[in-house]
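> I have a structure I would like to understand better, so I am pasting it below and will then ask my questions one at a time.
What follows draws every value from the coordinates through simple rules; no lab data is involved. Worth saying up front: this structure is predicted, and the values here are computed from it rather than measured. Note that each Cβ is placed from the backbone with ideal geometry, even for glycine, and that neighbours are counted across all protein chains shown.
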């Protein structure tokens, strides 16, 4: 028996939102909110999983450090957005010139 509310029937219970992740190629839990402003943020929200976003956050730290960017600067935000789009939707993400991966212990 469905319980009625003053606004009509209750919405059906559903689990967490999932997306077919464009980066990882499988259905995974989605982000809770748009992670970036504008159309790029909406595109990411619609087609990138929380797991892939975590991978991006690690890449973004590396980009900010390698280019010595200040995240509050417009130029830095534009460069990060370019790399973000490449990371999720491009043929392959390019690393900054001269980047040397950290040595594993």
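> What per residue convex hull volume, in Å³, comes out for the stretch 17-89 when only alpha-carbon positions are used?
78
> What FRET efficiency do you get for residue 24 and residue 75 if R0 is 30 Å and r is their Cβ-Cβ distance, rounded to the nearest 0.05?
My answer for the efficiency is 0.50.
> Oh, and also: Could you calculate the FRET efficiency of residue 64 with residue 34 from 1/(1 + (r/R0)^6), where r is the beta carbon distance between them and R0 is 25 Å, rounded to 0.05?
After rounding to 0.05, the efficiency reads 0.75.
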